[in-house]
Amino acid sequence: MTKEELHKYIEESNGSESNICQICAYKDDKMVYSDTWHDYKKDNCVHIMSATKSIMSLLIGIALDKGQIGSIDDKVLDYFPDYKVKRGEKTIYEVTIKHLLTMRAPYKGKGDPWSKVCSSDNWTYASLDFLGSRNGLTDEFNYKTVCLHILTGILYKATNMKTVDFANKYLFEPLGIKPYSIYIAKTAEEHKQFTIEKTPKGNVWFCDTEDLGTPGYGLCMSAEDMAKIGLLCLNKGVYNRKRVISSKWIEEMTRPRAIENQNWHGMEYGYLWWILDREKNIYAALGNSGNVIYINPDKNIVIAVTSYFKPTVIDRVDFIREYIEPFVRLRAKSAVHVPAP
């Protein structure tokens, strides 16, 4: 398949690929493919949904490297000494940062309490109100999005820097990514529109009323910038010959942990990253509607895909494996034989 054929295939798709906005791919540290659809430009940003979680994991790792967070085994409440625990709640005292990173923290109730958290004056403390359980620490996989806001609160307490400021200084700037600004929705309708609108966005990160970036969703990125994140991880924390984050964290972050409930398509989980292949250590940042940072160390490949909101699209891993990855390998192989000008 040629680049033109691949472009046309996506452009004319009526199925799950129809909402793709951008694709960017690297092989052997060289960009070998970049394309756009739906009038998006290469530097336009898309709300990458839950792929935001994986970026948050990198920020936590950087704070650990700097000694601002002591350990992922630190108790969550150590960072919120003024928080008043609900009467009768005991489990919350034992919950650690690691429980949050591995989605094994216990919460009261089912689902994510979006309305209660997002309408509160303090999203972090509202999320803490749901942390804990009468059943204790069960170590069961319990995927949450809005309640993960506790992590951004921890980052702020540990570093005294707002999420966007910390990310700009220690992650985005070293990667040559344009500075981010905060985005705050004034109404519930604005919040909804931020998620579902199909038009391009700028370098913004959705934030709560205290300017803390939401760690479970809300980050807007271009595929080219997502690919830079992928390259950083592929090269064990080094970008453009400069270390941004420790190799130790990258290795720990991507160590697979089995998920007992196999409703997750047989995938495993690291620290807010999905592990797709334990043997080859292929892993990915996955966001609803098919937003992906796909990293294959075995083939030295990074593939990033952005997509506008389409709730019927859960992930895009099969499409990447069937169409994009073989195309990237073939394109890189062909490029070797092109004579230098």
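Bear in mind these aren't lab numbers, they're just calculated from the coordinates by the rules spelled out. What you are looking at is a predicted structure, and each value in this text was computed from that prediction instead of being measured. Positions of Cβ are backbone-derived with ideal geometry, glycine not excepted, and every protein chain shown enters the neighbour counts.
Take Lys248, Lys236 and order them by how many other Cβ atoms sit within 10 Å, fewest up front.
Ranked by crowding around the Cβ, least crowded first: Lys248, Lys236.
Report the Cys residues of the chain lacking a disulfide-compatible partner, meaning no second Cys Cβ under 4.7 Å from their Cβ.
Result for the chain is Cys21, Cys24, Cys118, Cys147, Cys207, Cys233, no neighbouring Cys Cβ within the cutoff.
Explain nothing, just the number: relative contact order of the chain, from Cα pairs under 8 Å at least 6 residues apart, as a whole percent.
Values: 649 pairs, mean separation 82.4, N = 341.
For the chain, the relative contact order is 24 percent.
Calculate, for Asp39 and Asn300, the FRET efficiency according to 1/(1 + (r/R0)^6) with r their C-beta to C-beta distance and R0 35 Å; round to the nearest 0.05.
Numbers: r = 32 Å, r/R0 = 0.92.
Calculated transfer efficiency: 0.60.
Quickly estimate the mean residue ellipticity at 222 nm for the chain, helices only: each DSSP H run with n ≥ 4 gives -39500 (n - 2.57), and the total goes over all residues, rounded to 500.
After summing the helix terms and dividing by the residues of the chain, the value is -7500 deg cm²/dmol.
Using modelled backbone amide H atoms (1.01 Å from N, in-plane), which distant-in-sequence or interchain residues come within less than 5 Å of Ala185's amide H?
Cys207
Please give me the summed charge of the neighbours of Ile196: other residues whose Cβ is under 13 Å from its Cβ, Lys and Arg +1, Asp and Glu -1.
Value of the local net charge: +1.
In the P(r) worked out for segment 202-308, what percent of Cα pairs fall beyond 16 Å?
Counting every Cα pair in segment 202-308, those more than 16 Å apart make up 63 percent.
Residues of segment 210-254 with the amide nitrogen closer than 16 Å to a label point 7 Å from the Cα of Glu190, along Cα-to-Cβ, please.
Under cut-off, by backbone N: 210-214.
Would you list which lysines come within 24 Å of Lys169, measuring only between C-alpha atoms, while excluding same-chain residues fewer than 8 positions from it?
In chain and number order, the partners are Lys42, Lys53, Lys66, Lys157, Lys178, Lys201, Lys228, Lys236, Lys242, Lys248.
By average Cβ neighbour count within 10 Å, what is the ranking of 137-149, 288-300, 211-223 from highest down?
The most tightly packed comes first, giving 211-223, 288-300, 137-149.
If I model a spin label at Glu173 and Thr199 as a point 7 Å from the Cα along the Cα→Cβ vector, what separation in nanometres do I get?
3.2 nm
How much of the DSSP beta bridge set in the chain is antiparallel, as a percent to the nearest 5?
Working: 38 of 41 bridges.
Here the antiparallel bridges make up roughly 95 percent for the chain.
Measure nothing but the geometry: give the 0 to 90° angle between the long axis through the Cα atoms of 149-159 and the longest principal axis through the Cα atoms of the chain, rounded to 10°.
The two axes meet at around 80 degrees.
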